[in-house]
1. How many residues does region 117-133 hold that are of a type outside the set (D, E, K, R) and out of contact with any Lys or Arg (no Cβ under 9 Å at 6 or more places or on another chain)?
2. Looking at (1) modelled with pLDDT of 90 or more; (2) surrounded by 13 or more Cβ atoms within 10 Å (Cβ to Cβ), which is the one condition that is false for K53?
3. Can you tell me which of D173, D209, D181 is under 21 Å from A99 (Cα atoms) and among the acidic types (D, E)?
4. For region 64-75, indicate whether the set of residues that are out of contact with any strand residue (DSSP E or B) (no Cβ under 6 Å at 6 or more places or on another chain) and surrounded by 16 or more Cβ atoms within 10 Å (Cβ to Cβ) is non-empty.
5. Please find, among L73, L46, the residue that is touching a residue at least 24 places away in the same chain (Cβ under 8 Å) and under 29 Å from A109 (Cα atoms).
6. Please enumerate the residues belonging to region 165-182 that are out of contact with any Pro (no Cβ under 8 Å at 6 or more places or on another chain) and assigned to a helix (DSSP H, G or I).
7. Report the residue count in region 184-227 for those that are in contact (Cβ under 8 Å) with a residue 12 or more places away in the chain, basic (K, R) and more than 13 Å from C155 (Cα to Cα).
8. Picking from F85, F131, which residue would you name as being aromatic (F, W, Y), in the same structural domain as G202 (by the TED database) and in contact (Cβ under 8 Å) with a residue 40 or more places away in the chain?
Amino acid sequence: MAAPTRVLFRGGTVLTHNDDDHVVPIESDLLVEGKSIKEISPGIQLPPGSDVKVVDCKNKIVSPGFISTHQHLWQSLCKSLWSEFTILEYLCLGLFDNAHHEPNDIFWAELAGALEGIDAGTTTVMDHAHFHYSPEHSDAAIAALEASGLRAVFCFCPSSRLRKHEPLDVDGDIFCDWIMDKIQVLAQNAPYGDGRIQIGFGLDEFRFDRATTVELFKRIKSFGIKHVTTHYFRSPAGGRPTISF
């Protein structure tokens, strides 16, 4: 027998929002049909024999899913590894752990991070993804997000790639020959996962002059990408005094 397509959350404290986007808690039922909220009101009555799953929410909060505006889901496999690192140690050593991840590792890392978020009530994530050693790594991450059920903006971040640890040898060509073509293909084929997954862009290594950077973002915009994310700070490791475009 197929699972019910309707779910009734009965008698919970529903966190609604008013026109000013302030939270207004109300004691109410909430009816979901398919993938949409059909009704929010006290004492929802359904015809006898209705195909509906009833969830008793007395003394419980019924909330919209939380939104995380910045995560690196692939790093879910690396918890506690860098807790004693300074930021410079992390940038030189911790960040390049992505060099040891095959595409299959990225799939399971992304999936684990996505499911952990859902379990904690986070249903939407901006995923700042900086692990692209091959097109297959990118595809594996998208496949994991599709499988997870999470809503996400997958921000493809080109970044330096490790050649070897000792002595430290880094390939700083963040826009190697396949990167921009891959971003374009991913963006033009979006959305993924029944519309849940959009493609964004990430950039951390602002090592170009203003004209080059402006042209880069014009090209990204031409792909239809609307979401851009970055890390930025001044430090001995780099960073300009200001960024303005």
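1. Counting residues in region 117-133 that are of a type outside the set (D, E, K, R) and out of contact with any Lys or Arg (no Cβ under 9 Å at 6 or more places or on another chain) gives 10.
2. So K53 meets the others, but not (2).
3. D173 is the lone residue from the list that is under 21 Å from A99 (Cα atoms) and among the acidic types (D, E).
4. yes
5. Exactly one of L73, L46 is touching a residue at least 24 places away in the same chain (Cβ under 8 Å) and under 29 Å from A109 (Cα atoms), namely L73.
6. The answer is M180, D181.
7. Residues meeting the conditions: 4.
8. Step by step, each of F85, F131 is checked, and only F131 is aromatic (F, W, Y), in the same structural domain as G202 (by the TED database) and in contact (Cβ under 8 Å) with a residue 40 or more places away in the chain.
The values are calculated or read from the model by the stated rules, or taken from the named source; none is laboratory data. This structure is a prediction, so every number in the text was calculated from the model and none was measured. Virtual Cβ from ideal backbone geometry, glycine too; neighbours counted across all protein chains shown.
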